[in-house]
Amino acid sequence: MALPRKNVIANAPGVEFCEGMNADTDQTLSAAAAEVAVRPAAAHDTRRVSSQQDGALGRPFRVIAFDWDGTAVDNRQIDASRVAGLITELLGLGVWVVVVTGTNFRNIEKQLGLHIPPGRRQGLIVCVNRGSEVYGYTEQGRAVRRWLRTATPDEEQALTAIADVVRNEIAVSTGLEIGIVFNRLNRRKIDLIPLPEWADPPKSSIGELQAAVEERLRSRGLDGTIRDVVALTERVAREHGLPDVRVTSDVKHVELGLTDKGDSIAWIKRELLDPLGIPWSDVLILGDEFGPIAGLPGSDDRLRSGVEDAVVVSVGAEPNGVPARVLHLDGGPATFEDVLADQIRMRKEEAGEPSGGLEDGGMARPLRANTLLATFPQPDPAWSLVASNYVPEVELDVESRFTVSNGAVGVRGSLAVPTPTSRPRTFVAGLFELATTEPRVPALIPAPDWPHLQLWIDGEPVTPGNSRPTTVTRILDMRRGILWTHLRHRTRNGKNLQLRVLRFTSLGDRRLAGQVADVEVDQPADVTLDSWIEPARSELVQERRTAELTVWRTNQTRKRLAMASTVRLQVGGRARRPVAVVSGGRRGQRWNWNAMPGQPAVFTRFTSLVRGESQGDAGSAALATLRRAHHAGLDQVAVAHSRAWDERWMASNVEIEGDEAGQRIIRFATYHLVSAANPDDERVSIGARALTGDAYLGHVFWDTEIFLLPYYTLTWPAAARALLMYRYHTLPAARAKAASKGYRGALYAWESADTGEEVTPPYAVGPDEKMVMIHNGQQEHHISADIAYAVWQYWQATGDDAFLRDAGAEIILETARFWASRAEQGPDGRYHIRGVIGPDEYHVAVDDNAFTNGMAKWNVERGVEAADVLRSRWPDRWADLQQRIELTTDELASWAPVAQNLVTGFDPESGLIEQFDGYLDLNPIYVSGYTPRTSPMDVLIGADQVQRTQVIKQADVVMLLALLPDRFSPRVREVNFRFYEARCGHGSSLSPIIHAIVAARVGDTALALRYFREAAAIDLDDTMGNVAMGIHIAGLGGIWQVMVLGFAGLTLCPDGVRFDPRIPRGWTSLRFPIQWRGRRLRVEIRAEPVTFTATLEGAEPLILYVDELTQYLSPGEAWTCQQDEREQVWRVA
């Protein structure tokens, strides 16, 4: 549920505060927060609230938003620790808490934030400065700015001039002293009564204040009221070019600004409610001034702006009544506290918890499953994947799709109760060991499987697929990263048993997994439940075992795996003791009880899995994780997990209107992309099937850099950085591979495991049982340029100079050095790269593959540029690096001629790029003559025969067009796309998505949409017949790219971002967020006519390009342009 972190804040030394808060404040506040004890909330009498709520407040809300001064506290000097205690409890129960106030952030942090433990602050949002700023908190409790509206110099001058004119007009006509408060962000406050006795009037005195102000004005002959001053201010604002200025009054002041509380409400809707699918009906809004004052709307009235079905409550005096649909409770902050206490009570009752105050800080919280089980989902097609019944023929496919993972631990979606056809797996990222089968290369080995349950009712086993009628429904909740299973079993005697199970791998603590099961019967029955941990595979040797912890060691790689696990069963709310059972090498616990209707049994399990280099480190970490989870309790663990998922969805949710199937596809892709990455571990990367299956042995390919990094770079930079650091840590192995072949620099392994050494199997056994040689590890060299490409794109998008300086530049230089030594100068004076495999793996040992040469040329050019950047910006670092990698000035000077004279295969006359030397002389077979087909082209016509044809396995030249579009004219892109698209057999899951991206960019959105759906069908419909071995994570990364790089036409520029939007016919709109150098840009493309809108969030401006338009976008600004369909040009709307 946490808000996404902005890089501009995360990379800065501290939070940028306004109005007197300095850069040292963050450190000071953090230190102070550690010393603040959380006080239990005082007992509250909520009967008065309940008696007046008329049903509107008789339920818990997911979001509670409120004004601060006069609503939550009487004034800013009061001790707010009591209300902070209530808010802390709400945050712990998973409620979003939003403060909307006109004051600055420092005041709220001092009065509220410091009294909330850092670990609980993540669900707190603070909207300050009357709609101009929004702050949130990181997982560690550090304040970060989420949004800022910055006035231009002209706007600042206009605000001051308007306030001066209004003050002067009143002063001239009355002779009264009228004050102006200048030091407010984006606003000015005209003080109508700057007298000591009215310096800080309490909200409860609003009536007396109004009388005093209007009497003061009338006594000096001003024939008007506060409302007239407001009207004067609005008129002067129009005269000064600010017709949309927001003019409000709290009676003491007339305030004019660029924003108001309605902007805060709009931000909440845009950044919180919409991404998380929270309706307004789940929002409670509280204030104290909704009703009219002096004939003007109350200062909190803008909190109602567009809130539709939200429940709105006033706790203020409201002397002139409240607007329709506002519930008036009166009572001020005391009533506010009662409302919060009532919300806590209802939340706890829903969870089955006692409704007292906070638990003793030293006591472990009980494992509570009621809240989670009570939310068993009704499938939302846009957010859920549903598998009804157990079908043995497709069970393995379902298990792959329904995997729950967090990038560190992945658990396939197998049923908890065993089935004959299941392939349960728990994978721990980086746990590699030499395979026990030939060829013996490192493979990602499964950990012992831990979620197994076995049930008997009256001695009859409950197992899908047996002779008794058992129905199963699985629901993958993609919004929250939870797998739900609902099993119903009817015995031969007509008794019904219901089993509901949820499973998750925590995104809040990646070493932790959880399982909850609920067992109910409709008639008295004897029920037995076994909980098992499966035996370890032969590759794991047990080193240590206690009641809670087991540590294993791999035979060859000497890695450690620690698993710590605890289980508990409650029947009718009372804990039951198990007996230990051992069977067939398995160990577990067994419970037996007389089950009664209405007395559910609830089973809970925490499991911690840690990969380590030593027994002590791994074991200690696993136990610490388990104890941390027990102390927090299951509900708190689930809240942290849910908040982390909320954060990821808010940073990357793509929304499609007009295509429900397309919406489901992109959600499925994004779910698995979030599940695959771990920003906390830069020693692992993402394998071809992520942590969902055995295929490709967990090996890392070019897939990560080309198909996955764009998503992470533009939505989750921390994850992108960790993945690229894996390549930096494996750079020594890449250097060694290059040296072994007689080259300089770094040649990365085609398939990599933990060390970066080449682990591509030298052969495989084909469907005909014949041995097939695999040449990729020896010949597919373009991966070095692919990695350099990802490094450069990451730096361009994030501005992460530390990464470039300390790691990225070295990768680019060493890969450029490889290509400079790999290229050979021929008799024609040109440079050639011979004997390679390009992305089209049907053709091996070819010369001058266009993709390889094109990327090598780009890589060498970036190597020269990276050297220039280091030399000019960090000369000491450059001198050190030059010496360490022994890169002389003469060697560096030799690179540019290689890039300039490298063969590209381009024919200027035809515009065609020959895929490799001699390709155009091959047999020109068109794949359309072999449709429909169920086998790849190399199987249909034979591997030897396909090499003599122009049939290609996947995008090759088209891949070059996708990665380097600016290097080719529109004509060249069109000519080559049409030529090679007709010859592509799409024998790889990576091919349709690249064709979709390029088809969109050349304007063929119908074809792009077709390829988009074909790419999705590979995993959702198993059109390639191998989903049983894991989902194709690169293909899912490509699906996101189709949206953002294809239909939106995004490309990165050195100084900003460029878009070339075009969306498929039938789509109403496409919306998505991206990050660029610490800013968040929200993009919306609408159809008929095509309209592009970008809204910038962050503290810095951004340059935006759309076609020939250039816009300098300011923070908080929304900019719209529209395409003239007749002239095919874009104009500012």
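For (1) within 41 Å of the chain's Cα centre (by Cα); (2) surrounded by fewer than 17 Cβ atoms within 10 Å (Cβ to Cβ); (3) under 28 Å from R817 (Cα atoms), each residue gets a yes or a no:
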residue	(1), (2), (3)
L870	yes, no, yes
W874	yes, no, yes
D880	yes, yes, yes
R884	yes, yes, yes
G905	yes, no, yes
E914	yes, no, yes
G929	no, yes, no
S935	yes, yes, no
D938	yes, no, no
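Which members of region 1070-1088 meet the condition of being assigned to a loop (DSSP other than H, G, I, E, B) and either closer than 20 Å to W716 by Cβ or within 15 Å of the chain's Cα centre (by Cα) (or both)?
Matches in region 1070-1088: R1077, G1078.
If I filter region 968-980 down to residues being assigned to a helix (DSSP H, G or I) and hydrophobic (A, V, I, L, M, F, W, C), which single residue comes out as farthest from S991 (Cα to Cα)?
Taking region 968-980 as the starting set, the residues that turn out to be assigned to a helix (DSSP H, G or I) are 970-980.
Retained after the next criterion (residues that are hydrophobic (A, V, I, L, M, F, W, C)): 972, 975, 977, 979.
Working: V972: 20, V975: 18, F977: 13, F979: 15 Å.
Result: V972.
G241 fails exactly one of the following numbered conditions: (1) of a type outside the set (D, E); (2) in contact (Cβ under 8 Å) with a residue 40 or more places away in the chain; (3) not assigned by TED's automatic domain parsing to the domain that holds L159. What is the number of that condition?
The one condition G241 does not meet is (3).
Out of D956, D1004, D938, which single residue is closer than 21 Å to V844 by Cβ and at pLDDT 95 or above? Working first, answer last.
Numbers: D1004 fails: closer than 21 Å to V844 by Cβ; D938 fails: at pLDDT 95 or above.
Being closer than 21 Å to V844 by Cβ and at pLDDT 95 or above holds for just one of D956, D1004, D938, which is D956.
Hand me the list of strands (runs of 3 or more DSSP E) wholly inside region 510-577 holding 1 or more residues that are of a type in the set (D, E) and in contact with a Phe, Trp or Tyr (Cβ under 9 Å, 6 or more places away or on another chain). Please lay out each step first, then the result.
Values: elements: 512-521, 525-533, 540-545, 549-554, 560-571, 574-576.
So the answer is 512-521, 525-533, 540-545.
Being among the aliphatic types (A, V, I, L, M), closer than 21 Å to W795 by Cα and modelled with pLDDT of 95 or more is the requirement here; does V1083 meet it? Spell out how you get there, then give the answer.
Details: among the aliphatic types (A, V, I, L, M): yes; closer than 21 Å to W795 by Cα: no; modelled with pLDDT of 95 or more: yes.
No; evaluated as a whole, the condition is false for this residue.
Determine whether V602 is part of a strand (DSSP E or B), buried (at least 22 other Cβ atoms within 10 Å of the Cβ) and in contact with a Gly (Cβ under 9 Å, 6 or more places away or on another chain).
On the way: part of a strand (DSSP E or B): yes; buried (at least 22 other Cβ atoms within 10 Å of the Cβ): yes; in contact with a Gly (Cβ under 9 Å, 6 or more places away or on another chain): yes.
Criteria met by V602.
Only one of (1) under 30 Å from L990 (Cβ atoms); (2) touching a residue at least 60 places away in the same chain (Cβ under 8 Å) is not met by I885, so which one is it?
That leaves (1) as the condition not met.
Hey, A562 hits all of (1) at pLDDT 95 or above; (2) surrounded by fewer than 16 Cβ atoms within 10 Å (Cβ to Cβ); (3) closer than 28 Å to G430 by Cα but one; which does it fall short on?
Single failed check for A562: (2).
Given the residues V951, V958, which is the only one that is in contact (Cβ under 8 Å) with a residue 60 or more places away in the chain, crowded, with 19+ Cβ neighbours inside 10 Å and among the hydrophobic types (A, V, I, L, M, F, W, C)?
Working: V958 fails: in contact (Cβ under 8 Å) with a residue 60 or more places away in the chain.
Testing whether each residue is in contact (Cβ under 8 Å) with a residue 60 or more places away in the chain, crowded, with 19+ Cβ neighbours inside 10 Å and among the hydrophobic types (A, V, I, L, M, F, W, C) leaves just V951.
Kindly list, by first and then second residue, each pair from a residue in region 140-152 that is on the phi < 0 side of the Ramachandran plot to a residue that is surrounded by fewer than 24 Cβ atoms within 10 Å (Cβ to Cβ) and among the aliphatic types (A, V, I, L, M), limited to pairs with Cβ atoms under 6 Å and residues at least 6 apart or on different chains.
Sorted first by the residue in region 140-152, then by its partner, the pairs are A143/V15; V144/I9; R145/I9; L148/A1099.
Kindly check whether there is at least one residue in region 734-751 that is on the phi < 0 side of the Ramachandran plot, buried (at least 18 other Cβ atoms within 10 Å of the Cβ) and touching a strand residue (DSSP E or B) at 6+ places or on another chain (Cβ under 6 Å).
Our first condition is that a residue be on the phi < 0 side of the Ramachandran plot; within region 734-751, this holds for 734-741, 743-744, 746-751.
Remaining after also requiring buried (at least 18 other Cβ atoms within 10 Å of the Cβ): 734-735, 737-738, 743-744, 746-751.
Going one step further and asking which of them are touching a strand residue (DSSP E or B) at 6+ places or on another chain (Cβ under 6 Å), we end up with none.
Among the residues of region 734-751, not one is on the phi < 0 side of the Ramachandran plot, buried (at least 18 other Cβ atoms within 10 Å of the Cβ) and touching a strand residue (DSSP E or B) at 6+ places or on another chain (Cβ under 6 Å), which makes the answer no.
Considering (1) among the small types (G, A, S); (2) farther than 21 Å from L272 by Cα; (3) in contact with a strand residue (DSSP E or B) (Cβ under 9 Å, 6 or more places away or on another chain), say which one S642 fails and leave the rest.
Here S642 meets the rest and fails (2).
With touching a Ser or Thr at 6+ places or on another chain (Cβ under 9 Å), over 22 Å from F432 (Cα atoms), hydrophobic (A, V, I, L, M, F, W, C) and not assigned by TED's automatic domain parsing to the domain that holds P1073 as the only criterion, which of W716, W750 stands out?
Numbers: W750 fails: over 22 Å from F432 (Cα atoms).
The match here is W716.
From the residues in region 1089-1098 that are among the hydrophobic types (A, V, I, L, M, F, W, C) and at pLDDT 95 or above, which one is farthest from the chain's Cα centre (by Cα)?
Quick first cut of region 1089-1098, residues among the hydrophobic types (A, V, I, L, M, F, W, C) only: 1090, 1092, 1094, 1096.
Those left that are additionally at pLDDT 95 or above: 1092, 1094.
On the way: F1092: 23, A1094: 20 Å.
Among them, the one singled out is F1092.
So, restricting to strands (runs of 3 or more DSSP E) that lie completely within region 342-437, which ones have at least 1 residues that are modelled with pLDDT of 90 or more and charged (D, E, K, R)?
Values: elements: 384-388, 409-411, 426-434.
In region 342-437, the matching strands (runs of 3 or more DSSP E) lie at 426-434.
The values are calculated or read from the model by the stated rules, or taken from the named source; none is laboratory data. Computed from a predicted model, the values in this text were never measured in an experiment. All Cβ positions, glycine included, derive from the backbone under ideal geometry; neighbour counts span all protein chains shown.
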